[in-house]
Structures are given as structure tokens and as C-alpha cells.
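The numbers here are math on the coordinates, done by the rules we state, and not lab data. Note that the coordinates shown come from a computational prediction; the quantities given were computed from them, not determined experimentally. Here the Cβ is made from the backbone with ideal geometry for all residues, glycine too, and neighbour counts use every protein chain on show.
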Amino acid sequence: MALIETKELTKIYELGWKKRVVGLNRVNLEIEQGEIFGILGPNGSGKTTCLKLLLGVLFPTSGEALIMGKGPLDVEMKKHVGFLPENPYYYDYLTGPELLKFYGRLFDMPLATIRKRTEELLNLVGLAEAKRLALRHYSKGMLERIGLAASLINDPEILVLDEPTTGLDPIGCKETRDLLLQLNKQGKTILLSSHFLSEVERVCSRIAIFHRGNLIELGTLKDLLGQYQASTLEDLFVKSIEKFDQQNPVQ
Amino acid sequence: MKKNWINLFVALLLFIPLRFLQVSIDYHRKLEDLETGLLLLPGQAAGSLVLSGFKGLAADLLWLNVEEYWHSGQHYKMLPLLEAVAWLQPTYITVWAVGGWHMAYNIYVQVGQNESKLSEELEKMKQSWSLQEKTKYRVLEEALAENKTILEQLDKKGKTDELVRDYLNRLENYEQKINLLAEEEKENKAIETVKSLLHIPRNKIYWYQQGVQFLKKGITYNPDKYDLYFELGWTYYHKGMDYPNAVKYLEKAIKHPHPDYVDDVLAHAYEKNGQIQKAIAQWEYLMEKAPSFRSIAERMIHDLKTKGKATP
Amino acid sequence: MRKAWVIALNTFKESLRKRTLYIVLVFGLVVIGASKFFSFLTAQEELKMIQDVSFSAIEFFGALIAIFGALGAISSEIEKRTIYTLLSKPITRYHFVIGKFIGQILILLVNFILLCLFFIGLLLFKKFTPHIEIFKALFLIFAELLLISSITLALATFTSDAFNIIFSFFLYIVGHLTSYGRQLMERTENIILKGLGDMLYTIVPNYENFAIRDKVVVGVPVSWQYVGKTFSYGVIYIAIAILIAIYYFQKREV
């Protein structure tokens, strides 16, 4: 059994008067423990939808999404998961440590543990200096970093990251990348979505390409590059999308 | 999530005990008089649609204006406000009591304010009359005299329904005669002045009766309290010298919890109404009830028994 | 329930630091304070004035805090998208709803106590010892505020903010007029109309039940039984509202 799975996961949005938008169309994924798995795709391809379905923020029209074999509403399961949403925007009236404490308490972590982890994490993401600053004064990059810290407060085995490098400068990107690799070495499984091809290239062990709600390619980077005779990920990306569009023209 | 429908189901189910509870609450509201009856107050219900819950506040604000007008002597302007306040908060007894008082006492006096001025003006006019005019205008002099008499009688004899009918008849009599005169003599200042003077007792009667009516209306909204029965009884006694009515309402007042002075006034009223035995009995009752009234009561009883008259 | 409490405290902290509800509180205090300036009335009238103004202010501004507080509780999380992170944590959706409501209770409690203290202080300043009836009236007003809050919260789980504000205020007004409606219904012969009216009367929150201040202000006592029953009404209706809120929120996709 894979750590994270989706089985024929489908999400259809009913937008009133007979208008339906397919968010996800029968997606099948299997992510093993210890992988860094990347979901690629243009905006609107269903990446975020897939992640939201896994976390129980959205409900599937059909199919299943499972983490550790459990459904998205399982409270126990969530104790092992950390989540970083796209464009994190937290409670702006709290300070960094207060935010971490808030989330930490939702994990039933003892206060002493929370304090220790807060210390560690703030140092890890480089926000120790901004301890007393309210989040409303944070820059976008700082928010991204505190978000990452928050997703790690419970030392989760599984990390789900939605567009983790949006808004980060190149140095920030590198730091995040290094951090992810480090966490992976510690044994964490990472599922991330991104449309920054260069980042995905350097970090992920396997990738999935999404387009118009469909999972159009899945595999290791090496295999896929060979398959499409592409030299770069960008090339692969464009070619796979073209192929899909040809076979499935837009109605 | 599978059992989510249970939440909705229980929520809807809870409306049943809620309903029963509401019935019980409604019963209490009637019992404890927390409700304002639609039957008596259609106007108030309409007002509530606008004010929804701030009636007390609105009444207070209007009351401020009443005070203002009272202090600046604009008695007539108080009246619509008094009506409005009473309409908003019919259980606010002060409004009825004060309103009735303003009408039967203060405005009653105020309408007679011009009397002396008008009389003086007339005197001046009279002095310039020729002998011929004096004969022609004799009816004016008579009307004037009658007017003065009636005004005195209003204050000294009282305003029972019978007496009022009599006053009005007499006034009407002279008004008719003067109107005849007025048809011949258009735009005669003296006639106008006398007519104005004749209006004064009419107005006084009117405002006294308005005061009584206002208090009666207040009673219909507050039938279980002594206060307005007493106010009305006192008005009849003191202002109207209408002793039968005074007794009638004071007897109603004592049926509810009341302070001792109510019994005192009733005793006086009995006496003035000719019910001496009842007066004596009332004084005796009061003596028992309120030791502070003992010496007065004893004196009253003594005088009643010996002279048949005690109240000055 | 500890987790609900954590969310509640966070909600409460938000209201303290965001200061949006301060303005309403200040207005309430100002209005109550203004009633002091009627000293040219007789003592009895002035006391009545102070009580009328204060009760009205506490109820009205309290209702504003209840409605706007509950409104912001859920919609701010959704707008700010903090709800995604929150739902990814090991909490259930009903933790969220109940936590938010407890947060509202805390917010209302603090503001309410401040307004009451000011009111009572003013009475004491005027050398009037507030009698137990005043506290009964205040107690019922607080229960009413909790009810208003729970209903707005429930509405927030499945309607838009705009609709919610209008409807909540609409219910506030209608809820005060239900007894008149009922009396009107009693007079009609039409069975269908009667049934309809009956149903409406049951469903609409009877805020008027909680309004005993008219009696209290003229010094008439109200029984503890009545207070108890009305409070129970509030509790049951709050339970209904919260259950509905949980039901809808559990189905809600963000």
C-alpha cells in the first residue's frame, strides 16, 4: 500500500445552470514512502484541487483519496501530515511563535515541546530575529518561510506543499530546495505541486504532469525525458501537453 | 461525515420542545403582565413595527420635550407629546397622572389668563360709549356679568355634569343674543372682546373634562393599580367638587395596594358627599391602619359626630 | 474539546487585537454615559431615563457585536484562506464551529460586562442601588445576545456575508414583533393562515421573550420561573443553531 494514493479521483464543479467544470478527471496516483513527488501543470490544471481533495478541504465527486490508507477526514492521520498552502496568509495579528503555538496546540502537543520546536524551526527558516513581529508586517518571503515552519511544527512524516516557491527570490528558492532535500534525507515523504519547472527538476524523484484536470504523464524524470525525446523538463512539459490536446481537443 | 444528517435531524427535532417551552413562556407573559395586548393597543403595535423595542427610550426622549414646554410655559404644546408618550408606554403611570394634571389644573388656569386684560380693554371701550350705545350694548354688560358669575361658580361650586350643563346653557343663551347683535354691528371690537371672554369658561370646562378623560384612558391601560383611580378621584374631589364621582373612583383605588393618604382623601370625600356614617367608618378604619393618622382621625370623627361637618 | 477551546481563544485574541469591535463598544459606553446628562429631570424620571437608555444601548450595541462578530468569525477565515491550513490539522469540522462559537461567547461576555459595569456604576453614582430585577433583565439580554450570535454563525456556514447581515437584522426586528404576530393570528378564522402563522411563530426566534426591561424599569418584579424558562428557550434554540451550523459546515467545500 502506497503512502499517498488516489483512486479514480474525480472532482466535477457544478456551476449552476447545466454548466460543469471538470476539476479532476479520474486521477490515479501512488506515492511511496520516502519520495519527493512533484505535481506539475499549468494554472487551472487541477494540482491544487488534487491536494485539497487529499486534505479534506474539498470532497470528491467520485473516487478516493487516501493518506496512510485513511480518508481525508481522519483526525489521527492528520497528526502525521504537514501542509503548506498556496500563498499562505495567516492570522496577521499573531506573531510567528504565537502562530506556531496555535497550530501546535491543535496537535495536542505539550507546551514544552512546542516551545522547543518553535525555537528550532525559527532558526531553521531564518526567522528567529522576527520573533516579536506580527505577521501582518511580514514580507511575502517571510510568510512563505513561517508557513513552512508551521507545516513542520508537528514533525510530520508527510509534507504536502502547494506551490512552495511562489514569491521567493532565487536565494529563498535555493534555501527551500535544500531544506526539502534535507527533510527528505530524514525520511519524510514530500508531495509538492509547482509550475516552476526548474525547481521541480532539481528536487523531485518522480513527477506527474496535470493538464485540464487530467493526469497525463507519470514517472521519473529520466524515463519521461526519454519517452518524449525531450532534453529539458520544459520541453517535456510542452510536448506532453501538445500530445494530450491533440488527442483530446477542447469542446 | 456519514452521520452528518443526524445533526440536522436533531436540530429540527429540537423545535418541538422549543415550541412547548414557548407556550409555557407565553402563559407566563400573560400571567405576569409582560405582554402588551394587541386588543387594546392597535396603534401601539403599529408603532412597534417602527420602533421595535425602543419604546421606552422614545418615550423618555419625548418626555424631555414635555418638560421643556412645561418649564417655558407652552402648555398647549405639551399635549400632543403627552399623548405620544402615553401611546408608547401606556404602563408608565406618571405620564397619565401628569398629563391629567396639566390639563385639568394648569391649562385650565392658563386659558383664563387673558381674562383680566380683556376685561380692562372692555372697560376702556365702555367709557367711550355714548348713552345710546350703552343702551344698545346692554346685553354685552349682562353677558359680561354672567360670565364672571360662571367663572366664579366653576371654581367655587364645581364642575359636576349637571352644573356644567347649566353653565353651558347659560353661556349659549348669551352667545345667541350676542350673535344677533353682531349681525347688525359688523366688526365691533367690543362684541369680539365679549365673545372672547365668553369662550373662557367654555375652555375651562373643556380642559377640565379633557383631563378627566385622559385619566380615564390611563385607567383602562392600568386597571390594576391604585394610582390613576386616585388621581381621577382627587381631580373630581378637588377640582370638580364632584363628590359622587370622587367617591366612586376613590373606592376603586382602595381595592388595590395603596398608601394611607388615599384612605384619608376618601374619608373627606364621603363627608362632602353627604355619606357621614361612611366617613366616620372610614376614619375609624384609617386610625387602625395607620397610627400616624390617629389624632387627625379622632378630631374628624369627633366633629362629624357632633357637628356633622369636619372638613373645612 | 480542548481543540475547540484553542480555536475559541484564537478567535477571542483576534477580536482584541483587531479592534474592530471596539468602536461598537465605545459607542455603547458613550450612549450610556450620555444618559447621565438628564439631571434636570426629577430623580425618579432620571433613573428611568438612565435605565431605559442603558438597557436599550446594551441590547442594541450588544446585538451589533453579536452579529458582526459571528459574521467575521467564519468569513474571515475563508477570505484569508487560513481555513485551508486549519482544516489540514487534526481537528474535525465541528471543533471548528464550536470553537468559533465559544470564541463569540468570550467576546460578547467581555464587551457585555464592560457595558454593564458602566451602567451599574452610573446607577450607583446616582445613589440608586440596583435591585435584583435589573440583573435579571441584564441576564436575559445576555442570553439573547448569545442567541443572536449563534443564529448569525449558523447562517454564515451556508449564506454569503451580504445576505447574512440583512437577514440577521431582519430577524432581529421580526423577532421582537412575534408576540404581536401571534396575537393577530389568534384572531383569524382561516385555518391555513393560522397553521402558517403558528409554524412561523415556532421557527422565528422570539427575541421579545427576553425583553423584560419595560417591566423592570417601572419596578415590577419578574419571576425566576420566567427567567429560567426564557433562558432554557435560548439554550435550546442555540443548540438548534449550532447543530445546523455543524451540519452545513461539514458539507462545506472551501
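Assorted remarks:
- Links that overshoot a 24 Å alpha carbon limit, given the list A:78/B:3; B:134/B:156; B:117/B:204; A:70/A:116; C:18/C:126; B:77/B:217: B:134/B:156; A:70/A:116; C:18/C:126
- Where the alpha-carbon atoms of segment B:115-207 are placed on the principal axes, they occupy 41, 24, 19 Å, in descending order.
- Fluctuation leader among C:85, C:157, C:230 - chain C, Gaussian network, Cα springs under 10 angstrom: C:85
- Modelled spin-label separation between residue B:294 and residue A:43, with each label point placed 7 Å from Cα along the Cα-to-Cβ direction: 9.9 nm.
- The loop-placed trypsin sites (Lys or Arg not before Pro) in segment A:113-176, going by DSSP, that have at most 16 neighbouring Cβ atoms within 10 Å of their Cβ come out as A:131, A:132.
- Principal axis analysis of the Cα atoms in the protein assembly as shown yields extents of 139, 67, 60 Å, listed in decreasing size.
- Net charge dipole size for segment C:2-251 [Lys, Arg +1 and Asp, Glu -1 on Cβ; Debye, nearest 20]: 920
- Mean ellipticity per residue at 222 nm, deg cm²/dmol - from DSSP H runs of n ≥ 4 across chain A, formula -39500 (n - 2.57): -11500 deg cm²/dmol
- Using the Cβ-Cβ distance between residue B:281 and residue B:61 with R0 = 60 Å, the FRET efficiency computed as 1/(1 + (r/R0)^6) comes to roughly 0.80.
- Taking 7 Å steps out from each Cα toward its Cβ at residue B:10 and residue B:162 produces label points 7.7 nm apart.
- Distance from segment A:70-90 to segment B:160-198 (C-alpha centre basis), Å: 97
- Kirkwood Rh and Cα Rg combined as Rg over Rh, evaluated for segment A:12-126: 1.03
- Per residue, the Cα convex hull of chain C amounts to 144 Å³.
- When you filter the chymotrypsin sites (Phe, Trp or Tyr not before Pro) in segment C:105-156 for DSSP loop state and at most 10 other Cβ atoms inside 10 Å of their Cβ, nothing is left.
- Sorting the Cα pairs of segment B:103-149 by distance into bins of 10 Å, from 0 upward, gives 22, 44, 23, 9, 1 percent per bin.
- What separates the Cα centres of segment C:108-147 and segment A:236-251 is a distance of 69 Å.
- Structure remark: mean-square fluctuation, Gaussian network model of chain B, C-alpha springs under 10 Å; the largest value among B:56, B:100, B:233 belongs to B:56.
- For chain C, built as a Gaussian network whose Cα springs stay under 10 Å, the top-fluctuating residue of C:54, C:150, C:232: C:232
- Value at 222 nm in deg cm²/dmol, rounded to 500, when DSSP H runs of n ≥ 4 in chain B each add -39,500 (n - 2.57): -24500 deg cm²/dmol
- Legend: P(r) of chain B from all alpha carbon pair distances, 10 Å bins from 0, whole percents, reading 5, 19, 21, 20, 16, 9, 4, 3, 2, 1, 0, 0.
- FRET efficiency for residue C:78 and residue B:255, using Cβ-Cβ distance with R0 set to 60 Å, rounded to 0.05: 0.40
- Proximal charge balance of residue B:174 [Cβ under 13 Å; K/R count +1, D/E count -1]: +1
- Axis of helix C:132-156 versus longest Cα principal axis of chain C: the two differ by about 30°, to the nearest ten degrees.
- Its alpha carbons give segment C:64-130 an Rg and a Dmax of 17.6, 57 Å.
- Charge dipole (the protein assembly as shown, unit charges on Cβ, about Cα centre) - positive-most of A:97, C:146, B:232: A:97
- Tilt relative to chain C, helix C:93-125 - C-alpha long axis, 0 to 90 degrees, to 10: 20
- The protein assembly as shown - share of DSSP beta bridges that are antiparallel (%, nearest 5): 55
- Whole-angstrom gap from segment B:59-103 to segment B:217-270, using each part's C-alpha centre: 21
- Net charge of neighbours whose Cβ lies under 11 Å from the Cβ of residue A:73, counting Lys and Arg as +1 and Asp and Glu as -1: +2
- Each Lys or Arg adds one and each Asp or Glu takes one away; over the other residues whose Cβ falls under 15 Å from the Cβ of residue C:250, this sums to +4.
- Relative to the longest principal axis of the Cα atoms of chain A, the long axis of helix A:111-125 lies at roughly 60 degrees.
- Chain A, Cα convex hull volume normalised per residue, Å³: 135
- For segment A:99-164, dividing the convex hull volume of the Cα atoms by the residue count gives 91 Å³ per residue.
- Scanning chain C for trypsin sites (Lys or Arg not before Pro) in DSSP loops with at most 11 neighbouring Cβ atoms within 10 Å leaves C:128-254 as the longest stretch between them.
- If R0 is taken as 45 Å, the Cβ-Cβ distance between residue A:62 and residue A:115 corresponds to a FRET efficiency of 0.50.
- Rounded to the nearest 20, the Cβ-based charge dipole of segment A:54-157 about its Cα centre (Lys and Arg +1, Asp and Glu -1) stands at 360 debye.
- For segment A:19-103, GluC sites (Glu not before Pro) meeting the loop criterion (DSSP other than H, G, I, E, B) and having at most 14 other Cβ atoms within 10 Å: A:32.
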